[in-house]
1. More than 8 Å from the ligand (Cβ to nearest atom) and either assigned to a loop (DSSP other than H, G, I, E, B) or surrounded by fewer than 23 Cβ atoms within 10 Å (Cβ to Cβ) (or both): does that describe V21?
2. Name the residues in region 227-256 that are out of contact with any Lys or Arg (no Cβ under 8 Å at 6 or more places or on another chain) and under 23 Å from T217 (Cβ atoms), would you?
3. Go through region 172-201 and report how many residues are more than 15 Å from the ligand (Cβ to nearest atom), under 20 Å from V275 (Cα atoms) and aliphatic (A, V, I, L, M).
4. What pairs can you find where one residue is in region 24-41 and under 23 Å from V77 (Cβ atoms), the other is acidic (D, E) and within 7 Å of the ligand (Cβ to nearest atom), and their Cβ atoms are less than 7 Å apart, with a gap of 6+ or different chains?
5. Name the one entry in V38, V66 that is open to solvent by less than 20 Å² (accessible area, probe 1.4 Å), of a type in the set (V, I, T) and in the same structural domain as A136 (by TED's automatic domain parsing).
6. Can you tell me how many residues in region 293-313 are surrounded by fewer than 21 Cβ atoms within 10 Å (Cβ to Cβ) and among the hydrophobic types (A, V, I, L, M, F, W, C)?
7. From the residues in region 166-210 that are open to solvent by 10 Å² or more (accessible area, probe 1.4 Å) and on the phi > 0 side of the Ramachandran plot, which one is nearest to the chain's Cα centre (by Cα)?
8. Which ones in region 1-18 are within 22 Å of the chain's Cα centre (by Cα) and more than 23 Å from D165 (Cα to Cα)?
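The values are calculated or read from the model by the stated rules, or taken from the named source; none is laboratory data. All figures in this text were calculated on a predicted structure; none of them were measured in a lab. Here Cβ is always computed from backbone atoms with ideal geometry, including for glycine, and neighbour counts include all displayed protein chains. Side chains included, ligands, DNA and RNA excluded: accessible areas come from the protein's heavy atoms. Shrake-Rupley method; radii C 1.70, N 1.55, O 1.52, S 1.80 Å.
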Amino acid sequence: MRLLVLGGTEFLSQAVAADGVRRGHDVVCAARGVTGPVPEGARLVKVDRDAPGSVDVLAGERFDAVVDVAKMSYPWVRDALAAVGATAGHWTFVSTVNVYADTATATDELLEPLAEPPAEIPDDKLAEVYGAIKVASENAVRDAVGDRAFIVRPGLITGARDATDRFGYWVARFARGGRVLVPDEPAQPIQHVDVVALAKWIVDSAEQRTTGTFDATGPVLELGDLLREVAALVAPEGTELAAVAPADLTGAGVNPWSGPKSLPFWAPKTHYGVVTRDASAAWGAGLGIRPLGGTVQDALDTERRLGTDRERKAGLTPGQEAALLADLPQRAW
Ligand SMILES: NC(=O)c1ccc[n+]([C@@H]2O[C@H](COP(=O)([O-])OP(=O)(O)OC[C@H]3O[C@@H](n4cnc5c(N)ncnc54)[C@H](OP(=O)(O)O)[C@@H]3O)[C@@H](O)[C@H]2O)c1
């Protein structure tokens, strides 16, 4: 199969390209090539999707399958469809569970179709428009290649090469040991999908020409179980889990979910809808659930490669954690 990956140098798209190469497919990656190398055996075509007409270099080429991971840009999606959509045999668009209008409860009601979002969106507005841009992008894919379209809406993605620093925070933190601050919300729902399992399903679906729209994530877990399981896999003997009440964390300026001074995966109730999706249709269509041990090992390898004392995009610094533990009441988990 001739597979075009629009990306291929970083996280999910890198895993898709690597899986395609492993299966003996002819894999072409279209990216700037600045975030990392494409997997060995794949060919990089340098494009900058911010530059109008850049993907036209691919026009006229025929691909059996295309995988587009465009995160936050409707024009990227539209231009790729215009360049190679007409002749592509199968088209995967990687969307997100954030497309749902109500992020607090798991409904299946889509946002109303949107007008074309603006090309320029201020950085501080990105989170607000993320789901809306994905809806517009999904609709562009359906309009152009509807009968060949495979729309994948992942939940939190975990495992190797995760650039968000979220799941990796917990793996690296437990591996360091000592007293680990955790949010005292053990029954909070949480869902994630391993990047290798997701990539495998995307390549399987391209081979099998699976079409349709799927929420793509794992089973609903409880945060307490997930964190304890990660700790059991990597924490040295004597590690303690010190649970601090959510109100105390919020009062001390700790953010849930992601970003600086945060406890990743701690979800505010406004996010419960994106961590309680019914993904059984995806499992029925072949999305596998990888045992946690493999995901954790891959995340730990990534953390060690990147350096666990680096400045993180998400989590607490050791200094922040120590100050919070010194100040706030806590109970042992
Ligand atoms: N991470 C999550 O937990 C999560 C959850 C739900 C959904 N998703 C969705 O999953 C998809 C994959 O996300 P990811 O973080 O895993 O991304 P990714 O696969 O790492 O893909 C990013 C790719 O885009 C390329 N790229 C960036 N800027 C570019 C430009 N100007 N021109 C051409 N290529 C460019 C990068 O290559 P270069 O930088 O080398 O150009 C890289 O290969 C996204 O659609 C995201 O919305 C992610």
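1. When the stated conditions are applied, V21 passes them.
2. L227, R228, E229, V230, A231, A232, L233, V234, P256
3. The qualifying residues number 2.
4. Going by the 7 Å Cβ cut-off, the qualifying pairs are R32/D48; T35/E10; G36/E10.
5. V66
6. Residues that pass the stated criteria total 2.
7. Residue satisfying both the conditions and the ranking: R209.
8. Once the filter is applied, which keeps residues that are within 22 Å of the chain's Cα centre (by Cα) and more than 23 Å from D165 (Cα to Cα), region 1-18 yields L3, L4, V5.
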